[in-house]
1. Springs between alpha-carbon atoms under 10 Å, Gaussian network over chain A: tell me which of A:V360, A:V237, A:V298 tops the mean-square fluctuations.
2. Put a point 7 Å out from Cα along the line to Cβ at B:A97; what are the distances to that point in the other copies, in nm, shortest first?
3. Between helix B:15-26 and chain B, what is the angle of the helix's C-alpha long axis to the longest principal axis, kept within 0 to 90° and rounded to the nearest 10?
4. Just the number, please: carbon plus sulfur as a percent of the accessible area of the stretch B:127-272, 1.4 Å probe, no ligands or DNA/RNA counted.
5. On average, how much area does the Cα convex hull of the stretch B:342-423 cover when viewed from any direction, in nm²?
6. If you take the square roots of the eigenvalues of the alpha-carbon gyration tensor of the stretch B:141-301 and sort them as a ≥ b ≥ c, do you get rounded (a/c under 1.5), prolate (a/b over b/c) or oblate?
7. Send over a whole-number figure in Å² for the accessible area per residue of the stretch A:47-204, probe 1.4 Å.
8. Among B:G60, B:L109, B:A98, which residue has its Cα positioned farthest towards the positive end of the charge dipole of the stretch B:30-116, with +1 placed on the Cβ of Lys and Arg, -1 on the Cβ of Asp and Glu, and the dipole taken about the Cα centre?
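The values are calculated or read from the model by the stated rules, or taken from the named source; none is laboratory data. Note that the structure is a prediction, hence the values are computed from the model and not measured. With ideal geometry, Cβ positions are generated from the backbone for all residues, glycine too; neighbour counts draw on all protein chains shown. Heads up: the accessible areas ignore ligands, DNA and RNA and are worked out on the full protein's heavy atoms, side chains in. Shrake-Rupley method; radii C 1.70, N 1.55, O 1.52, S 1.80 Å.
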There are 2 protein chains.
Amino acid sequence: MTASPIGIGLLGYGTVGSAVDRLLQARQEDVTRVVGAPVEVRRALVRDASAPRDSNPRAGLLTSDFAEIRDDPSITVVAEVMGGIEPTRSWMLELFAAGKSVVTANKQLLARHGAELFAAAEEHGVQLRFEASVCAAIPVVKVLRESMIASEVNAVLGIVNGTTNFMLTAMAKGADYATVLAEAQALGYAEADPTEDVTGGDAAAKVAILASIAFHTRVTIDDVPHEGIDTLDSIDVAFAGDLGYSVKLIGQARRVEQGVVVGVAPTLVPRAHPLSAVDGSFNAVMLRGDAIREVTLVGPGAGGDETASAVIGDLMGVLGTSNSGFLRADGFFRSLPIVPADDVESALYLRLDVRDQPGVLATIASILADDQVSIDSVVQRASDGRAQLVIVTHPAREGAARHAIQRIADLDVCEGTPVVLRVLSAG
Amino acid sequence: MTASPIGIGLLGYGTVGSAVDRLLQARQEDVTRVVGAPVEVRRALVRDASAPRDSNPRAGLLTSDFAEIRDDPSITVVAEVMGGIEPTRSWMLELFAAGKSVVTANKQLLARHGAELFAAAEEHGVQLRFEASVCAAIPVVKVLRESMIASEVNAVLGIVNGTTNFMLTAMAKGADYATVLAEAQALGYAEADPTEDVTGGDAAAKVAILASIAFHTRVTIDDVPHEGIDTLDSIDVAFAGDLGYSVKLIGQARRVEQGVVVGVAPTLVPRAHPLSAVDGSFNAVMLRGDAIREVTLVGPGAGGDETASAVIGDLMGVLGTSNSGFLRADGFFRSLPIVPADDVESALYLRLDVRDQPGVLATIASILADDQVSIDSVVQRASDGRAQLVIVTHPAREGAARHAIQRIADLDVCEGTPVVLRVLSAG
């Protein structure tokens, strides 16, 4: 307990950075006991060290000169909470070269440049930790990297974007997309420019990171096909509800024989599935593996203090393992191929606008059967000589199912483009 | 990667011990990368080293002489998976004195002798880890000790016994206690002697451990009042269902102003509560705190491979932090008083067998009002001149509510003893 204080540097002193500083001070006693020495934030990098701030930092804490952190020998680990790709990436590489471990909350940087950054950390014998980059205070990264070592994890799936989950929860109650988006923006869940959230881009970055650590292979955001909820029609949320499903924006990474399947898409989740009941802005990640069977983590996926809590957990983790080889090796030692979703089995939800006449369903069913797609359930709502025909299929090879759907779309009795959504199996 | 192998000892080579050995070998590549050196089980203690075993251990692995593990300088950490109180406790103390860290799955030992064991580990500068002692592969101990350092955790509540959750799930579908118990035994979920599970004793040991680490204070199993499901009537499960609740065996530890409230009891959980949907043999633990808000972990709470996976996570954790002060200090540095449930607020479910006559409800309601207990909902089922009167109260000081209930029980119109169960709030 009489060990000399350990110095921490911060890149960024906004909502998360100042919360890291505040929480570390507030929990000084616990932190000292866990680490075995006091821990203090010594320097924090900001654009303008003299600008007034609500967080009221103590004198001498802020600097606008990155070198003052990089070259400070009393700082052993740095938390990067400034975001962005550059200069963040370059500075992180400089910190590794200076022998400092880094903790980051920056999912976009990791999902794009993870390979280079992890290799550089290994080269310099330091750690790169990133709990806060995925689902804030939900400790999914630590659990995957440290608790599941003995379990061959074969699937990671979940709700990894709180904004869209908040919106989908409201849409399930009958609200339409535009109204719900405005509400999410008014409540601060959605940004003024919500593109990153509603198109699935934010979720895709998290899936890239989760897939990488679950399967020890490099997956970048460009590998992750993603659809968002911006093209989702509330009529499909209503039909799904009638059929016993919630619609959730599901991010998935599955280990299959040929490699890894990844993706983000609005997906029908059976009511009995644990992810179905995760409502509002909460996130949830389900890990499936041999020895662990199925472990699900649920909690807030965003927030300043929540993110700061994850950053501090990582800082403590780095300090705790500072004299061992633990988590030093670049964990992404496999090069598994990315397998297109078309090559694996999925159940699909299909909504068609068809002429309401005898024989239409028979024709459609026989086209599906031609491609070995069998039907789980059918609902039809007719009005004015036309019908909304909703079909949920049993799991089938997705490419074959989409081939059949294209043939169905080409039928004279079909109007417009069929709506196709994936369906999670209940198990 | 060329570091020399790290030796591990096992106390016990049954289902869990042999699974630790098997999984460590199967995942050798990953383990080596994470730890920075190969890891191997060098010795395993058993009662009879020459007895035939399904796990088919390699020659020279088994020993029936504890000293061969304690005195082996190549063994740095030992996993205790033999169970029992003695000689386990004494051997653990000897291992600490020999400079070896210990990983244990032994909840009864920790819940009874934790204070002594953690103090001894600190004295000798070694670690005692115990993930497998609570909910098998659900990493709640690691999350509480390592991820929530910056968050003042103020409540831990959950379903920490899979046997009773399996039974309650079946009872919710209408089965009675005896039938369900027989089914649980046939399926291997319940022991031939199910006392420990059905009386809440197993859950109480886990609550003692969780409360200790969440609040940094010593809580033993003797501090944890527990009721089980052995006295639960399926009529109350049915009434609860009608009122929109599941009945779950809930273990709770709450930080209140005066200290810590702990307990295990069958509890009504609102359908909208995340714990309500956790069915079958799964466990779930919800952690509430300031910075993290609410994080819930769900998964299998038992099983050989699941438990072995948790043991291996801890072994890796010890090896990773072997040259730092991390998690060395005895974490239980507070001495918080145990506060009786009577002194804090709870909502209660109350079932009374009353004479079906005018004015009975008015009398009962006024007695409750005398003790400042207000009523949330009332259901009454009448037959043959008597009625089952079910009342759910708003949260009130439990002592006051129980005082009122005693007065109600003493009424002439009341027959038998009122059934009283706690009710979780939805939030």
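1. A:V360
2. From this label point to the equivalent ones elsewhere in the assembly: 5.4 nm.
3. Its long axis makes an angle of about 50 degrees.
4. 49 percent
5. The orientation-averaged projected area of the Cα hull of the stretch B:342-423 comes to 4.6 nm².
6. prolate
7. 38 Å²
8. With unit charges placed on the Cβ atoms, the residue in question is B:L109.
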